[in-house]
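Engineer: Quick one: the structure is below, and I'll ask about it shortly.
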Amino acid sequence: MEKRYEPLKIEEKWSEIWAKENLEQKKSSDTFSQVIPPPNVTGTLHMGHSFQYSIMDFYARYNHLKGIDTHWQIGTDHAGIATQMVVENNLAREGIDKNELGRESFTKKVWEWKNFSEEKITGQIKRLGNSVDWKNYRFTLDDGFNEAVLKAFVELYRNEKIYRGYRLVNWDPSLKTAVSDLEVIRQEKKGFIWHIKYPILDTDSFVTVATTRPETMFGDMAVAVNPNDERYKNIIGKKVVLPFVNRKIPVIGDEYVDMDFGTGCLKITPGHDFNDYEIGKKYCLHLVDNEVHISKNIEDFEPINIFTDDAWSNENVPAPFNNLDRFKVRKLVLEEIKNLDLFVKEEPHDISVPRGERSNIVIEPKLSYQWYVKTKEMASKANEAVRKGQIKFHPENWIKTYFNWMDNIEDWCISRQIWWGHRIPAWYDEDGNVYVGYSEEEVRSYYSIGDKQLTQDEDVLDTWFSSSLWPFASMGWPNNTKNLETFFPTNLLVTGFDIIFFWVARMIMMSIEFTGKIPFKDVYVTGLIRDENGQKMSKSKGNIIDPLDLIYGISLENLLQKRTSNLMQEGLADKISRKTSKQFPNGIESYGTDALRMTFFSIATNAKDISFEIGRLKGFRNFCTKMWNAARFINGYENKGNAFEARSDSDKRIMDEFKELKSNVEDNIDHYRLDLAINHVYEFFWNKFCDVYIEECKKSGDTDNLHPLLKEILTFIHPFAPFITEEIHTIIFKEPVIKR
């Protein structure tokens, strides 16, 4: 053994070996399987990825060592909106507009980026030593996965579980696409509420509405008051005149209205507010000859849309307010309202601004045609599986989060107005009739439509639609493959709490729908790793740490330079945190993967937010050095190949302590508490084995038990620190811990 522990040299050797060979297939009826949460091909892995992958690799190695046939499915996600944004930004820096390129040429550019990013990501996964199944690598846009996505969509549609509807959605004016509720971030900020007078028809009186969005008044279809509000009972059923457009709109009484908010009078704009949409639908509001009417027929409901895809005012808005950005419309409306003497007052008001998670642009509720999955029935079956304990969450408290969403689930909008992704397999004829099928040829045959001219839908599917199929489609579904037969359902899913709705719930629904089986038995929900200031790590904040920087070592100056370079490319250089010096006070240090892994395990608590501290990393780097030095010392004695034999009190004590260690650690592993497990390992090896037992053996001169005990300890610690244990085991005992 080398005198000095050199993690990089050891790890690069073993990661290259492990990348070439999968775990040895065990001849066992017991199986352990898991799927990797496929990383997006938007760049490289970050700390959150390596944190979760370390946990997953631990359970893969742990179960393999128990003699269980183990499979860890690997792959990457095309990540529709996110990847398209990256490529668009890259092209924009070259002065290239995607619309000038056209769909086909732009998509080729995205594939080029995908190949570049995928190579970097897979390189990182290999360098981290993750024991994934490289021979069965999948990508969510590869041919096999395309087959699965196509089958899922067509089957759901033909079973009347997918439909196309004209509804209100979260619209991102920057990306020009619908986005999920889950992709909208609420930003609390100081704003204003404006009080505006609406004239009551055929009177000299006014009703004063309070609104935070006066620019949407051109889409107003009613004024709502609470029927129990004594101030307004006498005007329910009357009409008011909407300024600028002279539209006659009804005053309705509905208990939804909060009498204490603003003036107690709400303007109802069904085309640009989700709550107003529900009220508008309840009263079936519709416009006839510039007058809004109430109906009992839901088919009469027809909201008014006043914005374009860019969130500029459209032709439904009169001059001089039309063809302007929505916030310019707001400014002009307030000016003109004052000129008409309809302005009452402006008050400071705390508002919640919805912003797109990807673009950071203010989201606009907007009416558009989208594709939806009916989720109520699927959610009910998924919930039943969880309630019966077929699927368990760890920690258990996350089950409440799951049910809070699933018990109130809405139909799932699955269409996106972008170019990168699975194009929706729907075709339209010249009359607007829709036909869904596996191909245009299959559509013509299935619907018997002959030579009608057809045009395919331009939209693509929400990334989460394809990734919801991941546990079974990644193993070959809809084909009956050996992996699907052997390893599905999987045993474990390791994921963050932030995608319980996005991904976990939808995988359960889709798995039961298409396979009749649950996708996994245990869901291990991790917290989010925060930076030194408690902030979520993200590229937009400029606080991302590449795990390889910690493994290889990077100076503070170089880290800041790297962050600056990445952020300047995105126009975000002002986001750089100079407080990074707290993390890297001593400049360049290389720590190695084992130290990083054990650090991750030590912070894998039940907490929602996890602070990554460089001090822990140094401590586990020292622990690895301690392991190396202890093994090197033992290697100085002759290995007689004997089994451990407890002859002295010292021998009996260490064996009792080792048995206690295994019992405690295995219990912690079963309960997904690797933080407690690594503490037991640290305490035993450093204090009980090294500082006490080895010293006692030195004094007594009886060292025969050191080799056999070390061999057992290395095997036991291997899932925590695979590189160093594999290296020591191979040097001293002439074989690796895990055969490939």
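Engineer: Among the residues that make up the range 257-268, is at least one of them over 21 Å from Ile235 (Cβ atoms) and at pLDDT 95 or above?
Structural biologist: Of all residues in the range 257-268, those over 21 Å from Ile235 (Cβ atoms) come to none.
Within the range 257-268, none of the residues are over 21 Å from Ile235 (Cβ atoms) and at pLDDT 95 or above.
Engineer: Only one of these conditions is not met by Gly43: (1) in a helix (DSSP H, G or I); (2) of a type outside the set (Lys, Arg); (3) closer than 26 Å to Gly496 by Cα. Which number is it?
Structural biologist: Of everything listed in (1) in a helix (DSSP H, G or I); (2) of a type outside the set (Lys, Arg); (3) closer than 26 Å to Gly496 by Cα, Gly43 misses just condition (1).
Engineer: Looking for whichever is open to solvent by 40 Å² or more (accessible area, probe 1.4 Å), of a type outside the set (Gly, Ala, Ser) and either assigned to a helix (DSSP H, G or I) or closer than 30 Å to Ile236 by Cα (or both) here; the options are Glu315, Glu396, Glu336. Which one fits?
Structural biologist: From the options Glu315, Glu396, Glu336, the qualifying one is Glu336.
Engineer: Is it true that some residue in the range 521-529 is within 24 Å of Val41 (Cβ to Cβ) and either touching a Leu at 6+ places or on another chain (Cβ under 6 Å) or open to solvent by 20 Å² or more (accessible area, probe 1.4 Å) (or both)?
Structural biologist: Taking the range 521-529 as the starting set, the residues that turn out to be within 24 Å of Val41 (Cβ to Cβ) are 526, 528-529.
Subsequent filtering for residues that are either touching a Leu at 6+ places or on another chain (Cβ under 6 Å) or open to solvent by 20 Å² or more (accessible area, probe 1.4 Å) (or both) retains 528.
So far as the range 521-529 goes, yes, one or more of its residues are within 24 Å of Val41 (Cβ to Cβ) and either touching a Leu at 6+ places or on another chain (Cβ under 6 Å) or open to solvent by 20 Å² or more (accessible area, probe 1.4 Å) (or both).
Engineer: Same structure again: For the range 475-508, name all the residues that are among the polar types (S, T, N, Q) and closer than 27 Å to Glu410 by Cα.
Structural biologist: Step one: list which residues in the range 475-508 are among the polar types (S, T, N, Q), which gives 479-481, 483, 486, 490-491, 495.
Residue satisfying the conditions is Thr495 alone.
Engineer: Can Gly102 be described as more than 26 Å from the chain's Cα centre (by Cα), open to solvent by less than 50 Å² (accessible area, probe 1.4 Å) and within 18 Å of Ile418 (Cβ to Cβ)?
Structural biologist: Working: more than 26 Å from the chain's Cα centre (by Cα): yes; open to solvent by less than 50 Å² (accessible area, probe 1.4 Å): yes; within 18 Å of Ile418 (Cβ to Cβ): yes.
It is true that Gly102 is more than 26 Å from the chain's Cα centre (by Cα), open to solvent by less than 50 Å² (accessible area, probe 1.4 Å) and within 18 Å of Ile418 (Cβ to Cβ).
Engineer: Can you list the strands (runs of 3 or more DSSP E) lying wholly within the range 194-263 that have 1 or more residues being open to solvent by 40 Å² or more (accessible area, probe 1.4 Å), more than 19 Å from Ile304 (Cβ to Cβ) and in contact (Cβ under 8 Å) with a residue 60 or more places away in the chain?
Structural biologist: Filter on the range 194-263 gives 206-211.
Engineer: Picking from Asn679, Asn664, which residue would you name as being polar (S, T, N, Q), assigned to a helix (DSSP H, G or I) and without any contact (Cβ under 8 Å) to a residue 40 or more places away in the chain?
Structural biologist: Numbers: Asn679 fails: without any contact (Cβ under 8 Å) to a residue 40 or more places away in the chain.
Asn664 is the lone residue from the list that is polar (S, T, N, Q), assigned to a helix (DSSP H, G or I) and without any contact (Cβ under 8 Å) to a residue 40 or more places away in the chain.
Engineer: Checking Glu441 against (1) more than 27 Å from Ala379 (Cβ to Cβ); (2) buried (at least 18 other Cβ atoms within 10 Å of the Cβ); (3) of a type outside the set (Val, Ile, Thr): exactly one of these is not met. Which one?
Structural biologist: The failed condition is (2).
Engineer: Find the residue count for the range 491-520, including only residues that are touching a residue at least 60 places away in the same chain (Cβ under 8 Å), closer than 21 Å to Thr70 by Cβ and either β-branched (Val, Ile, Thr) or open to solvent by 10 Å² or more (accessible area, probe 1.4 Å) (or both).
Structural biologist: Qualifying residue count for the region: 4.
Engineer: Within the bounds of the range 20-40, is there any residue that is of a type outside the set (Lys, Arg), over 28 Å from the mean Cα position of the chain (by Cα) and buried (at least 19 other Cβ atoms within 10 Å of the Cβ)?
Structural biologist: Here is the first cut: in the range 20-40, the ones of a type outside the set (Lys, Arg) are 21-25, 28-40.
Still in the list and also over 28 Å from the mean Cα position of the chain (by Cα): 21, 23-25, 28-30.
Still in the list and also buried (at least 19 other Cβ atoms within 10 Å of the Cβ): 23.
Within the range 20-40, one or more residues are of a type outside the set (Lys, Arg), over 28 Å from the mean Cα position of the chain (by Cα) and buried (at least 19 other Cβ atoms within 10 Å of the Cβ).
Engineer: Need the failing condition index for Thr463 against (1) open to solvent by 10 Å² or more (accessible area, probe 1.4 Å); (2) β-branched (Val, Ile, Thr); (3) under 14 Å from Tyr369 (Cα atoms), just the number.
Structural biologist: In the conditions (1) open to solvent by 10 Å² or more (accessible area, probe 1.4 Å); (2) β-branched (Val, Ile, Thr); (3) under 14 Å from Tyr369 (Cα atoms), Thr463 misses (3) alone.
Engineer: Now a separate question. Of all the residues that make up the range 145-170, how many are among the small types (Gly, Ala, Ser) and open to solvent by 30 Å² or more (accessible area, probe 1.4 Å)?
Structural biologist: Within the range 145-170, the subset among the small types (Gly, Ala, Ser) is 148, 152, 165.
With the extra rule that they be open to solvent by 30 Å² or more (accessible area, probe 1.4 Å), the set shrinks to none.
The total comes to 0.
Engineer: Restricted to the range 322-350, and to residues that are over 15 Å from Phe218 (Cα atoms) and touching a Ser or Thr at 6+ places or on another chain (Cβ under 8 Å), which residue is modelled with the highest pLDDT?
Structural biologist: Here the residue is Val344.
Engineer: Restricting to the range 399-416, count the residues that are in a helix (DSSP H, G or I) and surrounded by fewer than 19 Cβ atoms within 10 Å (Cβ to Cβ).
Structural biologist: Start the filter on the range 399-416 by keeping residues that are in a helix (DSSP H, G or I), which leaves 399-406.
After this cut, where a residue has to be surrounded by fewer than 19 Cβ atoms within 10 Å (Cβ to Cβ) as well, the list is 399-401, 403-405.
The qualifying residues number 6.
Engineer: I'd like the full set of residues that are within 30 Å of Val504 (Cα to Cα) and surrounded by 20 or more Cβ atoms within 10 Å (Cβ to Cβ), limited to the range 420-438. Quick ask: steps written out before the conclusion?
Structural biologist: Narrowing the range 420-438 to residues within 30 Å of Val504 (Cα to Cα): 420-426, 436-438.
Scanning the range 420-438 gives Trp420, Gly421, His422, Ile424, Pro425, Ala426, Val436, Gly437.
Engineer: Test each condition in (1) open to solvent by 20 Å² or more (accessible area, probe 1.4 Å); (2) of a type in the set (S, T, N, Q); (3) within 27 Å of Pro348 (Cα to Cα); (4) touching a residue at least 40 places away in the same chain (Cβ under 8 Å) for Thr269 and report the one that comes out false.
Structural biologist: (1)
The values are calculated or read from the model by the stated rules, or taken from the named source; none is laboratory data. Owing to the predicted nature of the structure, the values given are computational and were not obtained by experimental measurement. Positions of Cβ are backbone-derived with ideal geometry, glycine not excepted, and every protein chain shown enters the neighbour counts. Just the protein is used for accessible areas: all its heavy atoms, side chains included, with ligands, DNA and RNA removed. Shrake-Rupley method; radii C 1.70, N 1.55, O 1.52, S 1.80 Å.
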